[in-house]
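Undergrad: Just dropping this structure here.
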Amino acid sequence: MSSTKKRQVPIAWEALEDAFENNAPEVHSYLHIETGEVIRIVDGIADPAMHQRLMRDPLYMRIDPVSSREQYRWMERFIATVEDADLRQRLTTAIDGKGAFRRFKDVLMSYPVERERWFAFRSERLRSCMETWLSAHDIEAVERPTWAVPSAEDVKDRVEKDPGQRRGRRSRAELAEHQRKRMHELIDLLPARELDAGLAFLEFLRERRRLPRAVPRRVAPPARGADESE
(Lines give C-alpha, C1' and ligand atoms only; values in the text may rest on other atoms or scores of the structure.)
Protein backbone atom coordinates (compact mmCIF):
# COMPACT_ATOMS: atom_id res chain seq x y z
CA MET A 1 0.00 0.00 0.00
CA SER A 2 1.51 3.34 -1.08
CA SER A 3 1.39 6.40 1.12
CA THR A 4 1.40 10.04 0.09
CA LYS A 5 4.76 11.69 0.51
CA LYS A 6 4.51 14.59 2.91
CA ARG A 7 5.74 18.03 1.93
CA GLN A 8 8.48 19.23 4.28
CA VAL A 9 7.88 22.81 5.41
CA PRO A 10 9.91 24.91 7.93
CA ILE A 11 6.87 26.07 9.92
CA ALA A 12 6.93 29.43 11.73
CA TRP A 13 5.23 27.99 14.81
CA GLU A 14 4.51 31.20 16.72
CA ALA A 15 2.87 32.85 13.71
CA LEU A 16 0.88 29.70 12.97
CA GLU A 17 -0.24 29.53 16.61
CA ASP A 18 -1.46 33.15 16.42
CA ALA A 19 -3.39 32.32 13.24
CA PHE A 20 -5.07 29.31 14.82
CA GLU A 21 -6.05 31.30 17.89
CA ASN A 22 -7.37 34.42 16.12
CA ASN A 23 -10.82 33.59 14.78
CA ALA A 24 -12.00 37.17 14.21
CA PRO A 25 -14.17 37.11 11.04
CA GLU A 26 -12.28 40.02 9.45
CA VAL A 27 -8.88 38.30 9.78
CA HIS A 28 -7.76 35.74 7.18
CA SER A 29 -4.51 33.80 7.58
CA TYR A 30 -2.49 31.87 4.99
CA LEU A 31 0.48 29.51 5.25
CA HIS A 32 3.18 29.68 2.59
CA ILE A 33 3.84 25.99 1.92
CA GLU A 34 7.46 26.53 0.91
CA THR A 35 8.79 29.08 3.41
CA GLY A 36 6.50 28.15 6.32
CA GLU A 37 5.70 31.83 6.90
CA VAL A 38 2.19 32.94 7.82
CA ILE A 39 0.57 36.06 6.40
CA ARG A 40 -2.61 37.64 7.76
CA ILE A 41 -5.03 39.77 5.77
CA VAL A 42 -7.42 42.09 7.60
CA ASP A 43 -10.56 43.22 5.81
CA GLY A 44 -10.67 46.97 5.50
CA ILE A 45 -6.90 47.34 5.84
CA ALA A 46 -5.27 45.12 3.23
CA ASP A 47 -5.79 45.62 -0.48
CA PRO A 48 -8.71 43.37 -1.57
CA ALA A 49 -6.76 42.48 -4.72
CA MET A 50 -3.99 41.11 -2.52
CA HIS A 51 -6.48 38.85 -0.76
CA GLN A 52 -7.71 37.55 -4.11
CA ARG A 53 -4.14 36.84 -5.26
CA LEU A 54 -3.43 34.84 -2.13
CA MET A 55 -6.58 32.79 -2.57
CA ARG A 56 -5.56 31.90 -6.12
CA ASP A 57 -1.88 31.32 -5.38
CA PRO A 58 -1.21 27.56 -4.97
CA LEU A 59 1.73 28.32 -2.67
CA TYR A 60 -0.60 29.79 -0.02
CA MET A 61 -2.94 27.62 2.03
CA ARG A 62 -5.89 29.07 3.91
CA ILE A 63 -5.69 28.47 7.69
CA ASP A 64 -8.91 27.63 9.50
CA PRO A 65 -8.61 28.95 13.08
CA VAL A 66 -9.91 27.11 16.11
CA SER A 67 -13.57 27.99 16.65
CA SER A 68 -14.70 30.16 19.54
CA ARG A 69 -16.80 27.26 20.78
CA GLU A 70 -13.76 24.99 21.04
CA GLN A 71 -11.62 27.67 22.70
CA TYR A 72 -14.45 28.23 25.19
CA ARG A 73 -14.29 24.52 26.07
CA TRP A 74 -10.57 24.94 26.74
CA MET A 75 -11.35 27.57 29.36
CA GLU A 76 -13.90 25.26 30.99
CA ARG A 77 -11.39 22.40 31.11
CA PHE A 78 -8.69 24.66 32.51
CA ILE A 79 -10.98 25.97 35.25
CA ALA A 80 -11.59 22.38 36.34
CA THR A 81 -7.85 22.02 37.02
CA VAL A 82 -7.62 25.14 39.24
CA GLU A 83 -7.08 24.15 42.90
CA ASP A 84 -7.89 27.53 44.47
CA ALA A 85 -11.66 27.37 45.07
CA ASP A 86 -12.07 31.16 45.10
CA LEU A 87 -10.22 31.60 41.80
CA ARG A 88 -12.11 28.69 40.28
CA GLN A 89 -15.41 30.39 41.15
CA ARG A 90 -14.24 33.77 39.82
CA LEU A 91 -13.22 32.20 36.51
CA THR A 92 -16.51 30.29 36.26
CA THR A 93 -18.40 33.54 36.74
CA ALA A 94 -16.14 35.37 34.24
CA ILE A 95 -16.92 33.04 31.33
CA ASP A 96 -20.68 33.37 31.73
CA GLY A 97 -22.09 35.47 28.90
CA LYS A 98 -20.73 37.79 26.23
CA GLY A 99 -17.13 38.95 26.66
CA ALA A 100 -16.13 35.68 28.36
CA PHE A 101 -12.63 35.52 26.86
CA ARG A 102 -11.72 39.07 27.90
CA ARG A 103 -13.08 38.66 31.45
CA PHE A 104 -11.31 35.31 31.81
CA LYS A 105 -7.96 36.91 30.93
CA ASP A 106 -8.66 39.91 33.17
CA VAL A 107 -9.18 37.63 36.19
CA LEU A 108 -5.95 35.74 35.50
CA MET A 109 -3.97 39.01 35.37
CA SER A 110 -3.97 39.00 39.20
CA TYR A 111 -2.74 35.38 39.36
CA PRO A 112 0.58 35.25 37.46
CA VAL A 113 1.27 31.58 38.23
CA GLU A 114 -2.15 30.43 37.06
CA ARG A 115 -1.88 32.81 34.10
CA GLU A 116 1.33 31.15 32.94
CA ARG A 117 -0.24 27.76 33.52
CA TRP A 118 -3.15 28.82 31.28
CA PHE A 119 -0.76 29.91 28.52
CA ALA A 120 0.94 26.50 28.63
CA PHE A 121 -2.44 24.73 28.72
CA ARG A 122 -3.72 26.69 25.71
CA SER A 123 -0.47 26.34 23.73
CA GLU A 124 -0.55 22.58 24.18
CA ARG A 125 -4.01 22.40 22.68
CA LEU A 126 -3.19 24.80 19.88
CA ARG A 127 -0.11 22.73 19.06
CA SER A 128 -2.24 19.59 18.87
CA CYS A 129 -4.70 21.32 16.52
CA MET A 130 -1.87 22.60 14.32
CA GLU A 131 -0.19 19.21 14.06
CA THR A 132 -3.49 17.56 13.16
CA TRP A 133 -4.15 20.20 10.51
CA LEU A 134 -0.68 19.89 9.00
CA SER A 135 -0.95 16.11 8.91
CA ALA A 136 -4.35 16.31 7.21
CA HIS A 137 -2.72 18.43 4.46
CA ASP A 138 0.27 16.06 4.13
CA ILE A 139 2.71 18.60 5.57
CA GLU A 140 5.65 17.60 7.74
CA ALA A 141 7.13 20.35 9.90
CA VAL A 142 10.92 20.58 9.70
CA GLU A 143 13.43 22.76 11.51
CA ARG A 144 13.66 26.32 10.30
CA PRO A 145 17.05 27.58 9.06
CA THR A 146 18.95 29.73 11.52
CA TRP A 147 20.14 33.19 10.50
CA ALA A 148 23.82 33.68 11.19
CA VAL A 149 24.64 37.12 12.58
CA PRO A 150 28.13 38.25 11.52
CA SER A 151 30.61 38.94 14.30
CA ALA A 152 32.50 42.22 14.68
CA GLU A 153 35.60 40.62 13.16
CA ASP A 154 33.57 39.55 10.11
CA VAL A 155 32.68 43.13 9.20
CA LYS A 156 35.62 45.07 10.67
CA ASP A 157 37.85 45.02 7.57
CA ARG A 158 35.03 46.01 5.21
CA VAL A 159 33.97 48.93 7.42
CA GLU A 160 37.51 50.24 7.85
CA LYS A 161 38.16 50.11 4.09
CA ASP A 162 35.15 52.28 3.26
CA PRO A 163 34.71 55.04 5.86
CA GLY A 164 32.42 57.07 3.58
CA GLN A 165 30.02 54.17 3.21
CA ARG A 166 30.32 53.55 6.93
CA ARG A 167 29.11 57.09 7.70
CA GLY A 168 26.17 56.63 5.35
CA ARG A 169 25.22 53.36 6.96
CA ARG A 170 25.50 54.85 10.41
CA SER A 171 23.10 57.67 9.51
CA ARG A 172 20.61 55.23 8.02
CA ALA A 173 20.92 53.02 11.08
CA GLU A 174 20.32 55.99 13.37
CA LEU A 175 17.25 57.00 11.38
CA ALA A 176 15.91 53.43 11.49
CA GLU A 177 16.48 53.27 15.24
CA HIS A 178 14.61 56.53 15.72
CA GLN A 179 11.71 55.25 13.63
CA ARG A 180 11.59 51.97 15.57
CA LYS A 181 11.43 53.86 18.86
CA ARG A 182 8.62 56.01 17.49
CA MET A 183 6.70 52.90 16.41
CA HIS A 184 7.08 51.42 19.89
CA GLU A 185 5.69 54.62 21.37
CA LEU A 186 2.69 54.53 19.03
CA ILE A 187 2.04 50.85 19.79
CA ASP A 188 1.98 51.62 23.50
CA LEU A 189 -0.71 54.25 22.85
CA LEU A 190 -2.97 51.93 20.83
CA PRO A 191 -6.11 50.66 22.58
CA ALA A 192 -6.20 46.89 23.08
CA ARG A 193 -8.94 46.43 20.48
CA GLU A 194 -6.69 47.88 17.76
CA LEU A 195 -3.63 45.70 18.44
CA ASP A 196 -4.71 42.84 16.16
CA ALA A 197 -5.25 45.24 13.25
CA GLY A 198 -1.92 46.97 13.88
CA LEU A 199 -0.05 43.66 14.05
CA ALA A 200 -1.71 42.37 10.90
CA PHE A 201 -0.76 45.53 8.99
CA LEU A 202 2.88 45.24 10.06
CA GLU A 203 2.91 41.61 8.97
CA PHE A 204 1.38 42.69 5.65
CA LEU A 205 4.24 45.17 5.14
CA ARG A 206 6.78 42.47 5.98
CA GLU A 207 5.25 39.84 3.73
CA ARG A 208 4.15 41.80 0.67
CA ARG A 209 7.58 41.51 -0.96
CA ARG A 210 6.99 37.77 -1.17
CA LEU A 211 3.84 38.20 -3.21
CA PRO A 212 4.01 37.84 -6.98
CA ARG A 213 3.95 41.22 -8.64
CA ALA A 214 1.62 41.88 -11.52
CA VAL A 215 3.47 42.36 -14.81
CA PRO A 216 2.22 45.47 -16.60
CA ARG A 217 0.84 44.84 -20.04
CA ARG A 218 2.65 46.48 -22.89
CA VAL A 219 0.35 48.45 -25.14
CA ALA A 220 1.40 48.54 -28.77
CA PRO A 221 1.89 52.07 -30.15
CA PRO A 222 -0.78 53.23 -32.59
CA ALA A 223 -0.09 52.66 -36.26
CA ARG A 224 1.63 55.52 -37.99
CA GLY A 225 -0.82 57.87 -39.56
CA ALA A 226 -3.73 56.50 -37.56
CA ASP A 227 -4.66 59.95 -36.28
CA GLU A 228 -4.85 61.36 -39.81
CA SER A 229 -7.24 58.62 -40.88
CA GLU A 230 -9.85 59.56 -38.27
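The values are calculated or read from the model by the stated rules, or taken from the named source; none is laboratory data. No experiment lies behind these values; they were computed from the predicted model shown. Cβ sites come from the backbone with ideal geometry, for glycine too, and all protein chains shown count toward neighbours.
Undergrad: If a residue has to be under 16 Å from Gln71 (Cβ atoms) and surrounded by 12 or more Cβ atoms within 10 Å (Cβ to Cβ) to count, how many in segment 89-101 make the cut?
TA: Residues meeting the conditions: 5.
Undergrad: Now for a different question. Using the structure shown, decide if Thr81 is surrounded by 14 or more Cβ atoms within 10 Å (Cβ to Cβ), farther than 30 Å from Leu205 by Cβ and not charged (D, E, K, R).
TA: no
Undergrad: Taking segment 24-44 as the search range and keeping residues that are of a type in the set (Ser, Thr, Tyr) and farther than 14 Å from Glu140 by Cα, which one is surrounded by the fewest Cβ atoms within 10 Å (Cβ to Cβ)?
TA: The extreme case among them is Tyr30.
Undergrad: With respect to the numbered conditions (1) more than 22 Å from Asn22 (Cα to Cα); (2) touching a residue at least 40 places away in the same chain (Cβ under 8 Å), which one is the sole condition not fulfilled by Val66?
TA: (1)
Undergrad: Go through segment 1-24 and count every residue that is part of a loop (DSSP other than H, G, I, E, B) and free of Cβ contacts under 8 Å to residues at least 12 places away in the same chain.
TA: Summing the residues that are part of a loop (DSSP other than H, G, I, E, B) and free of Cβ contacts under 8 Å to residues at least 12 places away in the same chain in segment 1-24 gives 3.
Undergrad: Of all residues in segment 6-25, how many are at pLDDT 90 or above and over 25 Å from Arg69 (Cα atoms)?
TA: Adding up the residues that qualify gives 6.
Undergrad: Inside segment 121-156, can you point out the residues that are surrounded by 14 or more Cβ atoms within 10 Å (Cβ to Cβ) and either within 15 Å of His32 (Cα to Cα) or without any contact (Cβ under 8 Å) to a residue 40 or more places away in the chain (or both)?
TA: Met130, Trp133, Leu134, Ile139, Ala141, Arg144
Undergrad: Taking segment 22-50, which residues are more than 11 Å from the chain's Cα centre (by Cα) and under 29 Å from Gly99 (Cβ atoms)?
TA: Result: Asn23, Ala24, Pro25, Glu26, Val42, Asp43, Gly44, Ile45, Ala46.
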